[in-house]
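Visitor: Below you'll find the structure I mean.
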Amino acid sequence: MSSFFEKYTQRKKKLASVLCLGLDPDPKQIPDFYHRTNNNIAQVCQNFIKDIIIATREYTIAYKINCAFFEAMGLEGMQLFSEIIKIVRLNAPGALCIVDAKRGDVPHSAAAYAKAYFQSFACDAVTVNPYLGLDCLAPFWEYPQHASMVLCRTSNHGASQFQNIGDPPLYLQIADAINKENQIRKNLWLVVGATNNPEILKQIKTTAPLTPFLVPGVGKQGGDLEQCLELLGTDVLINVGRTILYCTNKGEDIVPMAQEICEQIVLQMRKFI
């Protein structure tokens, strides 16, 4: 069985893209077109996301499925979460499914989370939080065919409050530890926000030269796509979410507009890859 990185490399070569699409279904932002055809929120989200996946599959290496939005819908939402993974497999063969869960807990709990996402839901990768220490991440990376994507320097405004503490700062300590571990594991990534200033991006790349990056924050959050590719290299997944997902309020226009935006983004990427 191929590893996550091998699958990533194959699809990257096939599509000449490093685009990852964030699936964060907010019913309030889904075009009215979808609400008019169904009163069930979970079904509205499913119909919308399926159209988005079909519209973007020729450009997208991976789909980052944010479990928070599905959990908010209760039992129906978690059933939908499972269904979305099946929709990706069926409609975008070869695309990778990343669950954005940011899990990190004591080892026996972490083992249960790892089993849930990698076995029960059959995801390819999961985002994890290193705050509790590497022993709490070990249960995730014991699945060698799956990737663990470790929060390093995030894209939110409050990231510096804790992540910049220390000498070197915590984010560089994390980058160093994960880079060393990845020389053995080969299935670890670092999550580095595109909104970080160039000096931080350079520091992280220098500290973790052998580790690929998941890069959120391009698009609505204001991250610079070309700057990220120039400073972090091309072993990356550039996540774009709302810019594509909610590109229009007219549901009948969603497919052509999503395709057009993806094409523009990928053309920028192809200058570097």
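The values are calculated or read from the model by the stated rules, or taken from the named source; none is laboratory data. Model, not experiment: these values are computed from the prediction. With ideal geometry, Cβ positions are generated from the backbone for all residues, glycine too; neighbour counts draw on all protein chains shown.
Visitor: Considering only helices (runs of 4 or more DSSP H) fully contained in region 22-79, which possess at least 1 residues that are within 21 Å of the chain's Cα centre (by Cα) and surrounded by 15 or more Cβ atoms within 10 Å (Cβ to Cβ)?
Guide: It comes to 41-56, 67-71.
Visitor: Additional query: Quick test of your reading of the structure: Asn197 fulfils all but one of (1) surrounded by fewer than 20 Cβ atoms within 10 Å (Cβ to Cβ); (2) farther than 29 Å from Gln268 by Cα. Name the failing condition by number.
Guide: The single condition Asn197 does not satisfy is (2).
Visitor: Hey, among Ser120, Ser160, which residue is surrounded by 13 or more Cβ atoms within 10 Å (Cβ to Cβ) and hydroxyl-bearing (Ser, Thr, Tyr)?
Guide: The conditions single out Ser160.
Visitor: Turning to a different aspect of this structure: Go through region 219-254 residue by residue and tally those that are polar (S, T, N, Q) and either free of Cβ contacts under 8 Å to residues at least 12 places away in the same chain or in a helix (DSSP H, G or I) (or both).
Guide: Residues meeting the conditions: 2.
Visitor: Now a separate question. With Ala122, Ala110, Ala101 as the choices, which residue is of a type in the set (Gly, Ala, Ser), modelled with pLDDT of 95 or more and assigned to a helix (DSSP H, G or I)?
Guide: Result of the check over Ala122, Ala110, Ala101: Ala110.
Visitor: Among the residues of region 83-94, which ones are surrounded by 13 or more Cβ atoms within 10 Å (Cβ to Cβ) and under 17 Å from Phe118 (Cβ atoms)?
Guide: Ile84, Ile85, Val88, Arg89 - these are the residues of region 83-94 that are surrounded by 13 or more Cβ atoms within 10 Å (Cβ to Cβ) and under 17 Å from Phe118 (Cβ atoms).
Visitor: Separate question: I need a count of the residues in region 242-271 that are more than 14 Å from Arg57 (Cα to Cα) and either exposed (fewer than 15 other Cβ atoms within 10 Å of the Cβ) or of a type outside the set (A, V, I, L, M, F, W, C) (or both).
Guide: 14
Visitor: Among the numbered criteria (1) out of contact with any strand residue (DSSP E or B) (no Cβ under 8 Å at 6 or more places or on another chain); (2) over 25 Å from Gly22 (Cα atoms); (3) at pLDDT 95 or above, which one does Glu181 miss?
Guide: It fails just one condition, (1).
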